[in-house]
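> Mind looking over this structure? Questions follow.
The values are calculated or read from the model by the stated rules, or taken from the named source; none is laboratory data. On a predicted model such as this, the values are computed, not experimentally measured, just so you know. All Cβ positions, even for glycine, are placed from backbone atoms using ideal geometry, and neighbour counts span all protein chains on display. Quick note on the areas: whole protein, heavy atoms, side chains included, nothing else; ligands and nucleic acids left out. Shrake-Rupley method; radii C 1.70, N 1.55, O 1.52, S 1.80 Å.
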Amino acid sequence: MPSMPISPSLENGKRKSSSAFQVPEPKRLKYGEASRRSELLEQRRSLPIASASKKLVEEVQKNDTLIVIGETGSGKTTRYCKFGSMVGITQPRRVAAITVATRVAEEMGVQLSKEVGYSIRFEDATSSQTKLKFMTDGMLLREALLDPLLQKYSVIILDEAHERTIHTDVLFGLLKGVQARRREVSKVGTDPEAGDQNKQDKTVAKASEHQTQIQSQMEANSRNGNSKIKQLKPLKVIIMSATLDAQGFSEYFNGAKAVYVQGRQYPVQIMNTYTAEADYLDAALITTLQVHQEELPGDILVFLTGQEEIENMERLLTERIAFLPEGSRKILVAPIYAALPSEQQMRVFEPAPSGYRKVILATNIAETSLTIPGIRYVIDPGLVKAKAYNPRIGVESLAVVPISKAQAAQRSGRAGREGPGKCFRLYTVEAFNQLQDATVPEIKRCNLASVMLQLKALGIDDVLGFDFMDKPSRAAIVKSLEHLYTLGALTDEGKLSDPLGVQMARFPLEPLYAKAMLVSSSFKCSEEMLTTVAMLSAESIFFTPREKFKEANAARQRFSSPEGDHITLINVLRAYTQEVEGGQSLDSEAHHKKFEKKLRGWCSTNFINGRSLRRALDIRRQVRGYVEGMGLELVSCGDDFTHFRRCLTASFFLNSAHKQADGKYRALSSGQTVAIHPSSVLFGKKPDCVIFNELVRTNQQYIRSLTRIDSLWLAELAPQYYSTRDVEDAARPTTQQEDFHSH
DNA sequence: GAGCACTGC
């Protein structure tokens, strides 16, 4: 089918300026509709089946594992209720778990948290009556630590499986193992010898890595006179995915059957440019104005890569709006990205006033995390800022990369939620065809320390042999195991150490932070470390909008510590407790809730992100619970931060950096040249030696969240890692080189 | 002298 330009192009390069004003160039972009065939390919995901609901129930009865492709998260899940004890449904995000649970409870006419409930971090809305439990995928993983056979569940549904979050991917392998184990247990009862006869079955052999846990659980059960484990029914697993790739799932789940369900999506007309656009920001700007002037009413959603780009675009668009012809509809610009305080985020959900068209400038947050009503047009430059991980040097980087075909489909789908829509792709059909089919799963893109610690805690010792659907590289796994070993979480045999490793795995924290928490009690500063790990886990405590850059920096001065960012964060929390909660932080949810309104005001005057601070308070409360549960005492170092800085050194000794003769910094463990990130309070202060928490690569390698230390502490507090000579040498490799040349 | 997409326990 021939492409059809949506508007005539300007020919001969002749453009006239028709008014006395310097009107911006009325450059136009030509678009063609993508061929019918490729459009069909994208929408084929909605293969209809007759009376889907009834059929689905039949299929679940017949199959232990089922793959459902198409519309997800629907009330149909309620039908699975009758299959037994409890049905668990996982979602990748907290909000989704809450909203779906709420909707299903309404549909069933029951009170939320009774028969239908949800369970997410910091919030458990379930009861003993709960039969249908919605939860985040990470929450189910946590439950597996306490109950390796997931005995409470008869069915587990993994919703939005196509998103392939790191937790969903771990659950895939875990559930496969649990299924095999439960089959075996129901076959052979509690006789371990009978179990050995099945060793030839490969799946069962893999699953028998759970043996230790399961046996101790069996023993515990029989001690309690509980023979429930004998009667365990097979676990049914349902994978719900919105992508076409049923085959990949099916192959992984031993040839499980896939069924297709009709979607509820309206058609979206896909338009592509004829030529590649060098400046996608400019192209997005032009297209936005073009759509505004030529298309029917309906809001526009523009996908951009980050805060800075959104702020730039907002400025450019506002400038151009002034030149819109008299009498035309007006434009309301609404930015949204994750770091934007919620009060400002809410603006995108308000309908545009009459006579206005809303233009939403969004990051990936609008791709899946939130659904904005009223969108009819999507403008997609085809790029995303994505995290990548280099296991060799252990550095994460954030770079702008092309999206995948699946992401492109997800983005265009945002235009067809309420009616037919249009999607303008700022790239050619050829460029589209060259995109990767699907985004690389998260598990292949990040640091695996947490995941490996969890697997070890689940009794899975052979992590290199774990049955991943997409296996991370051997190098990435080995690197994370080395890291865990260095932290003391693993023994020489590679088993979880007791008590250190066991305690670390229990904390809902990065392994490094969990270790720091445990180390801090011997340095008499566990209160401060508790605050630090909570604030570091929460991220972006400070909010710095570009147009109020100076004010924001000035506001930060008040909390700033000459020793570095960790103490600065402690100062923020102490100031909050003093000024908002009247000096008494009771660390209880109800207590914090009382100060909700005051918190908001305090945060906005101090340029602090309220959502992040609240999150830090939540994490602190939760971690405090674990610390106390382990019988560890929480002590404060007061204003004597030397203990605390020494504790940071003992905990984060792997991340130290030294100033070189040329003023640049060198990371001791990897030998890389790094620079202090501009967001640090030590930026420009040139400390001799620091420890840091993050190493990120953007334009250069930056270290973030740092504290000034005495370099001699390294050899003293981490002798297993540094000798005094190492530390002395580290400060002058460049000088040595210069000396060599000069002689 | 300059920057952090998005989730989750």
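> I'd like to know which of A:Leu383, A:Val359, A:Gly421 lies farthest towards the positive end of the charge dipole of region A:325-432, counting +1 on Cβ of Lys and Arg and -1 on Cβ of Asp and Glu.
Positive-end residue among those listed: A:Gly421.
> Once ligands and nucleic acids are excluded and a 1.4 Å probe is used, how much of A:Met452 is accessible, expressed in Å² to the nearest 10?
0 Å²
> While we're here: Per residue, how large is the accessible surface of region A:265-439? Use a 1.4 angstrom probe and give square angstrom.
43 Å²
> From largest accessible area down, sort A:Lys659, A:Lys594, A:Lys550, A:Lys524; use a 1.4 Å probe on the protein chains.
Descending accessible area places them as A:Lys550, A:Lys594, A:Lys524, A:Lys659.
> Right, something else. For A:Thr243, A:Thr439, A:Thr577, write out the residues from largest to smallest accessible area, computed with a 1.4 angstrom probe and no ligands counted.
Ranked from most to least accessible, the order is A:Thr439, A:Thr243, A:Thr577.
> Right, next: Please give the solvent-accessible surface of A:Ser604 in Å², to the nearest 10, using a probe radius of 1.4 Å with every protein chain present.
Rounded to the nearest 10, the figure is 80 Å².
> Let me ask something additional. To the nearest 10 square angstrom, how much accessible area does A:Glu563 have with a 1.4 angstrom probe?
A:Glu563 exposes around 60 Å² with every protein chain in place.
> What percentage of the solvent-accessible surface of region A:268-357, computed with a 1.4 Å probe over protein heavy atoms, is contributed by carbon and sulfur atoms?
In region A:268-357, the share of accessible area belonging to carbon and sulfur is 55 percent.
> Step through the table entries A:Lys548/A:Lys594; A:Lys114/A:Lys233; A:Lys548/A:Lys685; A:Lys385/A:Lys686; A:Lys55/A:Lys131, compare each Cα-Cα distance with 27 Å, and write down the pairs that go over it.
Violating the 27 Å Cα-Cα cut-off are A:Lys548/A:Lys594; A:Lys385/A:Lys686.
> Would you mind pulling out the separation of the Cα centroids of region A:387-456 and region A:278-353, in Å?
With region A:387-456 and region A:278-353 each reduced to a Cα centre, they are spaced 23 Å.
> For A:Phe253, A:Phe122, what's the largest-to-smallest order of accessible area, 1.4 Å probe?
These residues rank, largest area first, as A:Phe122, A:Phe253.
> For A:Ile157, what residues show an amide H to amide H distance below 5 Å, using hydrogens built from the backbone and excluding near sequence neighbours?
Amide H to amide H, under 5 Å and 5 or more residues apart or across chains, A:Ile157 pairs with A:Gly88, A:Ile89, A:Thr90, A:Ile238.
> Accessible area per residue of region A:628-717 at 1.4 Å probe, in Å²?
I get 44 Å² per residue for region A:628-717.
> Accessible area per residue, 1.4 Å probe, Å², for region A:507-626: what's the number?
Result: 42 Å² per residue.
> When a/c is below 1.5 the answer is rounded, else prolate if a/b is larger than b/c, else oblate, so apply that to region A:404-500 with a ≥ b ≥ c taken from the square roots of the Cα gyration tensor eigenvalues.
prolate
> How many percent of the accessible area of region A:560-641 is carbon or sulfur, using a 1.4 Å probe?
50 percent
> Also, quick follow-up: Please list the non-local residues whose amide H lies under 5 Å from the amide H of A:Tyr702, H modeled 1.01 Å from N, same-chain partners needing a gap of 5 or more.
So A:Tyr702 has HN proximity to A:Ala675, A:Val696, A:Arg697.
> While we're looking at this one, here's another question. Hey, can you rank A:271-277, A:626-632 by average C-beta count inside 10 Å, highest first?
A:271-277, A:626-632
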